[in-house]
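Single-structure report; data block below.
Laboratory data are not the source of any read-out in this text; all were calculated from the coordinates shown. Here the structure is a predicted model, which is why all the values come from computation and not from measurement. Cβ sites come from the backbone with ideal geometry, for glycine too, and all protein chains shown count toward neighbours.
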Amino acid sequence: MRLSAAALANLPATVARPLYDRDAQAVGIVHFGIGAFHRAHQAWYTDAAMNLGDRGWAITGVSLRSPGVARQMNPQGGLYTVAEQSGEGSTLRIVGAVRNALVASEEPDAVIAAVAAPATHIVSLTVTEKGYCRTASGDLDFEQAHSLSFYYFVTQGLLRRRNAGLPGVTLLPCDNLADNGAKLERLMLQYLARHEPDLVAWFEAHCTCPSTMIDRIVPATTDEDRVMVAEALGLQDEACVVTEPFSQWVIEDKFAGPRPRWEAVGAQLVTDVAPYETAKLRMLNGAHSLLAYCGLKAGYTYVHEAVADPTLHHLAETLMRHDAAPTITPAPNQNLAAYADALIARFANPALNHRLSQIAMDGSQKIPQRWLETLAENAAQGRHCPAILDGIAAWIHHLTDANGTVDDPFSCELVSAIATGDPVEAIFGHGGLMAGQWTAAVRARRET
Ligand code: CS2
């Protein structure tokens, strides 16, 4: 038996479930990239807001290519379990916010119609760093941003909205990029200027792109997780996600129209996301990538194993407290030392099997905002970043070790850089993928 609306009444009493009439909710949000992270984070907050009485915020999820999630969710009427796991046990909640999942490559018109629907007010994104289709210099890569990118579907939907006299939408990026709202706006405008120049002025007047800081550790769901959830529910749930109890969402309060009352369920609506976003990217994600490359090199599989190693633990602490924290101007209520303590405790969560290899992928997309900005700011002050330099050395080792099969959108460039025999020069030197001032420092550190 599969999880379904009809089966909700028979679930064990310990499993929380939607408190609202799901069928009566209009779809107010179209979300591109309906992976595990969205289901455990933005959809989970939206479900909580609907549990408190918010109406009209059901979500249509979109996968650009892969039919996997749609096949998991649609037979369950969009329902799925969020299992929060810690050393103290697990808590299960059925989330009802997702109405359906579309596969853009199979039903492009349905995706465009969803963006164009009058009840839609928000188009949100978790397409990962590479999904923004940027060149190494940060501009839109028009070759990648083709007819199967979110740019195309959003543009077609917005065209219909404009032609029908409908209001614009809020485009809400929920990926780990610094200043993600401003970046998305710039890239979207580059796309429109090339493909629909007539829409540029309308977009500028009617749509907004708030920045967000999103945080929850969500490992890829495994078969063991599905078995654990099936045992707890007494039903099969193909779309379940496993996560930690912690969750944070900081959103720039700059919406083009209505939005759910996310602040009533724990999100922070602020005028400036930057301090939160910078701390999260440089400390959490920075330490994550460090543990990933150094941990894999040391033979570990999971984050909790890597952070239990005294040497790697010390390195992660050094990155957060010595390298990153001095580059961050905290918000008035932000305590970076306490933040670092909390991050170490989250990484050590023994109930979360978060694979280092999941974090290690797409390094070219992650390393700039996780490490290089910290490195550059410290360099400007004449300070060194020992932990980050160790991380870069471990990343280069990771690329070399991959034997030509690097999981990264710039894999060709990275494989060629390794083949030159001087990857530091090829990647960080003049004209390299990550050209910067730190070539000599990276080289010196690698050689020790
Ligand atoms: C991780 C993030 O995979 C990765 O690169 O660093 O997904 C991390 O788990 C999240 O950003 C936590 O909020």
For this session: Give the distance, in whole Å, between the Cα centre of the range 358-389 and the Cα centre of the range 244-267.
Result: 28
For this session: Pick out which of 203, 246, 153 has the largest mean-square fluctuation in a Gaussian network model of the chain, springs linking Cα atoms closer than 10 Å.
Result: 246
Exercise. Placing +1 at every Lys and Arg Cβ and -1 at every Asp and Glu Cβ, with all other atoms neutral, what dipole size does the range 23-146 have around its Cα centre, in debye to the nearest 20?
Worked result: 180
For this session: Quote the charge dipole size of the chain about the Cα centre in Debye, to the nearest 20; the model charges only the Cβ of Lys and Arg (+1) and of Asp and Glu (-1).
Result: 600
Exercise. Looking at 59, 397, 369, which one has the Cα that reaches farthest to the positive end of the dipole of the chain (charges on Cβ: Lys, Arg +1; Asp, Glu -1)?
Worked result: 59
For this session: Order these peptides, 324-331, 233-240, 83-90, by their mean beta-carbon neighbour count within 10 angstrom, highest first.
Result: 233-240, 324-331, 83-90
Exercise. Can you give the calculated 222 nm mean residue ellipticity of the chain, where each DSSP H run of n ≥ 4 adds -39,500 (n - 2.57) and the sum is split over every residue, rounded to the nearest 500 deg cm²/dmol?
Worked result: -11500 deg cm²/dmol
For this session: First check a/c for the range 274-447, with a ≥ b ≥ c the square roots of the eigenvalues of its C-alpha gyration tensor; if it is under 1.5, answer rounded, and if not, answer prolate when a/b is larger than b/c or oblate otherwise.
Result: oblate
Problem set entry | Gap separating the Cα centres of the range 93-138 and the range 148-193, nearest whole Å | 11
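Using only the Cα atoms of the range 5-270, build the gyration tensor, take square roots of its eigenvalues as a ≥ b ≥ c, and label the shape rounded, prolate or oblate: rounded if a/c is under 1.5, else prolate if a/b is larger than b/c, else oblate.
It is prolate, given that a/c is not under 1.5 and a/b is the larger ratio.
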Problem set entry | Nearby lysines by direct alpha-carbon distance to residue 254 (threshold 28 angstrom, same-chain neighbours under 8 apart not counted) | 130, 183, 280, 366
